[in-house]
Amino acid sequence: FVIGFFAVKNIKIPDIAINNINLSNIKDGIYYGEYKTQLVSVKLNVYVKDNKITKINILKHDNGLGKKAESITDKIISNQSLDVDVVSGATLSSKVILKAVDNAFNK
């Protein structure tokens, strides 16, 4: 376990390009997004009403040590933006969640 922990801690975080969203162009509805890296993957639904993100429901999050990254959904909703700080100690999972939301709107 200890060796695995340090191996995961030393993995280089890939550069994941995350586009911001223009919610004025997004119609009401539920949008499905997903994103996967070698270590982390997420599937989620994003709920939009009146050009605002009202809820993000994480359906599946294979996260290694990054479970706490799921709190980034609260930041996305309160800022109505993907331009938010990642969760400390869960950078990769945070970026994967952000990219899944980005993908939900950019299919």
Lys75: which lysines have alpha carbons under 16 Å from its alpha carbon, excluding same-chain residues fewer than 8 sequence positions away?
Lys52, Lys55, Lys67, Lys95, Lys99
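Place the peptides 66-73, 33-40, 98-105 in order of packing, highest mean first, counting for every residue the other Cβ atoms within 10 Å and averaging per peptide. Kindly include the intermediate steps, with their values, before the conclusion.
Working: 66-73: 18.8, 33-40: 17.0, 98-105: 21.9.
The packing order, highest mean first, is 98-105, 66-73, 33-40.
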Estimated inter-spin distance, Thr91 and Asn57, nm [label 7 Å along Cα→Cβ]:
3.3
Taking the alpha-carbon centroid of each part, what is the distance from segment 21-49 to segment 65-107 in angstrom?
10
Which distance in nm do the two modelled labels at Lys68 and Leu23 give, with both placed 7 Å along the Cα-to-Cβ direction?
2.7
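Read the figures in this text as sums done on the coordinates, not as results from a lab. Remember, predicted model here, so these are calculated numbers, not experimental data. Reconstructed Cβ throughout: ideal geometry from the backbone, glycine too, with neighbour counts over all protein chains shown.
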